[in-house]
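Below: one structure, written as structure tokens.
The values are calculated or read from the model by the stated rules, or taken from the named source; none is laboratory data. It should be emphasised that the depicted structure is a prediction, and the values quoted were computed from it without experimental measurement. Here the Cβ positions follow ideal geometry from the backbone for every residue, glycine too, while neighbour counts run over all protein chains shown.
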Amino acid sequence: MILGIDVGGTHTDAALLEDFEVKKKVKVKTNQEDILSSLLEATSSIFASLDPKRLRRIVLSTTISTNAIVQNKIRRVGLIIARGPGIPPSLLPFPEDTYLLSAYMNHRGFEVVPLDEKEVEEAVSRFIEAGIEHLGVVGKFCTRNPAHELAIAKLIGGRFKHVSLGHKLSGRLNFRRRIATTYLNAAISSLYRRFALAVMNFVRDLGVSAPVYILKADGGTIGIEESIQFPCQTILSGPAASIMGVLALSRGNSDAIALDIGGTTTDIAVFADGVPLLEGFGVKIGGLKTLIRGLRTRSIGAGGDSRIKWQDGKIAIGPEREGDAAALGGPYPTPTDAMVWLGLIKIGDRDKAGAAIYTLAREAGLSVDEMARKMLDTTLEKICEAVKEFVNEINNEPVYTIHELLEGRKIRPTNLYLVGGPSEGLAEPLGKMLGCTPHLLPHAEVANAIGAALARTTTELTLLADTEKRTLTIAEEGETMYIPPRTKIDDIITLGKERLKERAKRMGAKEDELEIEVLEEQEFNMVRGFDTIGKNIRVKLQIKPGLIAGYNSEKGIR
Amino acid sequence: MRKTGLVFFPAFDWAIAPDHPEREERLLYTQDQVFEEGLLDFDNIVEFKPKIAKEEDVKRVHICVPDVSSVVTESHMISAGGAITAAEKVLSGEVDNAFALVRPPGHHAMRVVHGARGFCNINIEAIMIEYIRRHYGHKRIAIVDTDCHHGDGTQDIYWHDPDTLFISMHQDGRTLYPGSGFVDEFGGPNALGTTINIPLPPRTSDEGFLYVLDHVVLPILDEFQPDLIINSAGQDNHYTDPITNMRFSAHGYALLNDKLCPDIAVLEGGYSIEHALPYVNVGIILAMAGFDYSDIREPDYDPEALRQSAEITAYIETLAEAIYRKWQDRKNIKDVGRIVNGYIKRRKRIYYDTDGIVEFQEESVRVCDSCGGLVLIESRADTGYHIYAICVPGRSCAACRAEGEYIFESTPKFKYNYVYFQDREKDVFLVK
Ligand SMILES: [Zn+2]
Ligand SMILES: [Zn+2]
């Protein structure tokens, strides 16, 4: 049996599954002040009739990290930065509590200026004096050579509560994002650690010995103990849970759109051959662009409860939500009211919906029917337009080879999956407008919990072999090793796959879910003068977001 | 701050040959540096996917022998398309300026194309410029070529065009390929002074480049008053470039770009792919976007070691003065060549070093006060092709057009493999 729990902003959902059948679902209100109590409330009825020994795994998606960042409940962080030439310090994020070193590496990972230990000591004493307990260390091109970051960590020793190193958090190139990512990781580390330990205790007290996982922004899971090192990866796990829920509850492997139509917003995700798409570099949170792997979503400020106004002879939807729909006692007309009035959904009081729509209809000189139609059409158009723009953006992503430019795969969605309250009334027309077959999903009310429950462990690995230097660097592992000059790209891929498997297992993956995908494989002859001096081989591997072994996309979830 | 468009297309799967300077690896480290600096995350730097140029875009500029598809590959059409995309973003107002960081380059490709020369098959700036004029109306355009090699292809294409100012600063042709670009190359009889060459001595450093920029290029631009400034942004003046002998730095390139303030920059050459290009390109992007580029510096940069000699400084000062004086005096130049039946003829022998082809060309221009003048070209290459081309210029006068049309009709086909008629004004291209 598997238990999935999603601690969302308003509700906490739990779903208990056995052989991909939903045995029990629970929905309670979330207490933001005390997430653990919400956990307890959501799971108590489940555990009342469940032998904890029968649980195979528990997966939790939580807003704790997201909230900490968005609500600015984070710790002060000292940053030690080795930046080298390039963009000026004024264009780096975080001017305060930042110490710039003179050491740096170049793009090939050669050390240009060695580390000056005195500078590190000065930074450390300055931060200690300022009462800073959390530290981030980031070097430009540290993914090409982590030596400076590792040496700095060694010098710092145990003098701080937490030290985050840039290269451990992502193998991708983007110094500014790496700084932001490292900063966030350090800033929420104490808060997250406390939370994770509390969850571990809570589960142990229930008598559960099964492994506990946390859902990450990329829709994959990570063992809770491992996650303590990488708290930043647990941000945005709610939206990720929703997308993984759609993945579990829908069937087939098509190009598809998933819409999570909520009260305030509509979240859009895209699947290519049934696999949810990831952000190119990383997700954005609290105004910061990061290197945190995350599912690619687009959110628009139009949901079932968005306030509708009549403005300049036109309907204006959202982005604000001023309460429930009028049909449910709310103050203003909303898309939900239009659907209620037109008989597309049956909730609340149709007369109240009509009365609210009437206020707009009178202003516009239309009948209530006409206005309700207009409200619905505008809502549909707004969602439709956002979906098309999003798909268009994905299809127009820059590529860097002639092959990709000419033969590049385009997303052409054929299916539309909808979850969320108002989706019932919008599914048919949206499907028509987008040229997709619409599907309302079963168990949609606990889709997030189901998504979390069934998500597999994901991870990625970035390898760069430079046969002139005779080194192979594995960025995320902070490893540099010798390779013979005749190394070939296939050797690197083989080695990378082994290392990725080890890493995934360390993160909590089971042997049967290690489905590896080669994201990038490039090999360049390095020519200087008229001689080929070596090869520059670049390989990126991942275990892509997906569902645990045993899930059958034909059968889906019962 | 300015909004800058970036068309980045490194063509990681294309090379002239595996060990040729123009190879897959060329923009690899530039990509690394651009990505690592996070330049694409700034709201005012936007990346665009290149479009693919069409045959008609090429035919507006070139006479490809025997036809377009025989002398270009997809890579050339993408490179030219990338330049077009950059221009479209600027002219539509989506961005303030744009940089087409694309390869392969194009500034050695002349009007008639029998093959590749100087790593270039088709002239991507010229294709872009004629695309602009076709789709956005006629413009006065200045091209400033800062590649280390003389932009002989661009010069050839605009030699007779009084509305296109071509300025090339490059290593003296006596010391470097293609061996041209001297001060006396000053434009055709109908376009005197709209070709300006600034041949700089080997080992010229930042100081020298910026001196001619300040004392020749900018003052001439000021007087020419172009609607658009295009920078052929070759990067082989760099002190680490393996195939040239100059001492320009990444910071110098950024400063030059900042002063020149081009509407569109297009990458040309530059083969110090590891030690120069990453820094030069980041510098140019920062400068175009209006960001502080004072921290752009190569790891091994040593201004003292790179300083140019006093002799070079003195030589450049004299050279700059002579060129500027010649420009100011351009309207008084009387001797434009021997006029025979209203035409002035020049003969050229063109060597296609990349493909090993030799071409003999006889080009006549109709002396005309009202337009750039009808151009007639007879070209014979050792590939066996013998062709004749009639080129009606943009904004042509009625007389030049009528004469061109008549000549096309009356030229006997049997004498040549092909007879081409190219009308830039009406965007017509005919072959017989
Ligand atoms: Zn060049
Ligand atoms: Zn004329």
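Before moving on, here are some points about what is shown:
- Taking (1) over 27 Å from A:Phe20 (Cα atoms); (2) in a helix (DSSP H, G or I); (3) not charged (D, E, K, R) in turn, A:Val446 satisfies each apart from (1).
- Only one entry of B:His114, B:His138, B:His170 meets the criterion of being touching a Gly at 6+ places or on another chain (Cβ under 6 Å) and either over 29 Å from B:Ser396 (Cβ atoms) or in the same structural domain as B:Arg247 (by TED's automatic domain parsing) (or both), and that entry is B:His170.
- Considering the range B:147-164, and only residues there that are in a loop (DSSP other than H, G, I, E, B) and among the charged types (D, E, K, R), the residue that is nearest to B:Val392 (Cα to Cα) turns out to be B:Asp161.
- Residue in the range B:69-80 that is in contact with a helix residue (DSSP H, G or I) (Cβ under 8 Å, 6 or more places away or on another chain), on the phi < 0 side of the Ramachandran plot, away from chain A (no Cβ under 14 Å) and not hydroxyl-bearing (Ser, Thr, Tyr) present: no
- All positions within the range A:394-408 that are part of a loop (DSSP other than H, G, I, E, B) and at the interface with chain B (Cβ under 8 Å from one of its Cβ atoms): A:Asn396, A:Glu397, A:Pro398, A:Val399, A:Tyr400, A:Thr401
- Single condition A:Ile357 does not satisfy, out of (1) closer than 14 Å to A:Trp310 by Cα; (2) surrounded by 15 or more Cβ atoms within 10 Å (Cβ to Cβ); (3) out of contact with any Phe, Trp or Tyr (no Cβ under 8 Å at 6 or more places or on another chain): (3)
- Just one of the listed residues (B:Cys368, B:Cys400) is closer than 25 Å to B:Arg140 by Cα, assigned to a helix (DSSP H, G or I), more than 16 Å from ligand 1 (Cβ to nearest atom) and away from chain A (no Cβ under 14 Å), and it is B:Cys400.
- Of the residues making up the range A:511-558, those that are within 13 Å of chain B (Cβ to nearest Cβ) and of a type in the set (Val, Ile, Thr) number 4.
- Taken over the range B:101-119, residues that are within 14 Å of the chain's Cα centre (by Cα) and either away from ligand 1 (no atom under 16 Å from the Cβ) or more than 14 Å from chain A (Cβ to nearest Cβ) (or both) amount to 10.
- Restricting attention to the range B:261-305, the residues that are more than 10 Å from chain A (Cβ to nearest Cβ) and more than 27 Å from the chain's Cα centre (by Cα) total 4.
- Take the conditions (1) assigned to a loop (DSSP other than H, G, I, E, B); (2) under 29 Å from B:Gly290 (Cβ atoms); (3) within 13 Å of chain A (Cβ to nearest Cβ); B:Glu47 misses just one of them, which is (1).
- Checked against (1) buried (at least 24 other Cβ atoms within 10 Å of the Cβ); (2) within 14 Å of chain B (Cβ to nearest Cβ); (3) in contact with a helix residue (DSSP H, G or I) (Cβ under 6 Å, 6 or more places away or on another chain), A:Ala180 passes all but condition (3).
- Test: residue in the range B:86-95 that is buried (at least 24 other Cβ atoms within 10 Å of the Cβ), within 14 Å of chain A (Cβ to nearest Cβ) and assigned to a helix (DSSP H, G or I): yes
- Within the option set B:Thr175, B:Thr195, B:Thr204, being within 16 Å of ligand 1 (Cβ to nearest atom) and either surrounded by 24 or more Cβ atoms within 10 Å (Cβ to Cβ) or within 17 Å of B:Asn231 (Cβ to Cβ) (or both) holds for one residue only, B:Thr204.
- Residues that are at pLDDT 90 or above and more than 9 Å from every other protein chain (Cβ to nearest Cβ) within the range B:7-29 comprise just one, B:Arg26.
- Test for B:Phe421: is it touching a Gly at 6+ places or on another chain (Cβ under 8 Å), away from ligand 1 (no atom under 16 Å from the Cβ) and closer than 23 Å to B:Asp57 by Cβ: yes
- Residue within the range B:260-267 that is assigned to a helix (DSSP H, G or I), within 30 Å of A:Val527 (Cα to Cα) and either in contact (Cβ under 8 Å) with a residue 40 or more places away in the chain or within 14 Å of ligand 1 (Cβ to nearest atom) (or both) present: no
- In this entry, A:Thr62 is excluded by the filter for residues that are touching a Pro at 6+ places or on another chain (Cβ under 9 Å), away from chain B (no Cβ under 12 Å) and either over 19 Å from A:Gly287 (Cβ atoms) or β-branched (Val, Ile, Thr) (or both).
- Single residue of the range B:238-253 satisfying the filter (within 14 Å of chain A (Cβ to nearest Cβ) and surrounded by fewer than 24 Cβ atoms within 10 Å (Cβ to Cβ)) that is nearest to ligand 1 (Cβ to nearest atom): B:Ile243
- Exactly one residue among B:Val217, B:Val183 is away from ligand 1 (no atom under 16 Å from the Cβ) and either within 14 Å of chain A (Cβ to nearest Cβ) or over 25 Å from B:Ile350 (Cα atoms) (or both), and that residue is B:Val217.
- Sub-6 Å Cβ pairs linking a first residue in the range B:413-432 that is in contact (Cβ under 8 Å) with a residue 40 or more places away in the chain to a second residue that is among the β-branched types (Val, Ile, Thr) and buried (at least 17 other Cβ atoms within 10 Å of the Cβ), at least 6 apart or interchain, are B:Asn417/B:Ile387; B:Tyr418/B:Ile387; B:Tyr420/B:Ile63, ordered by first then second residue.
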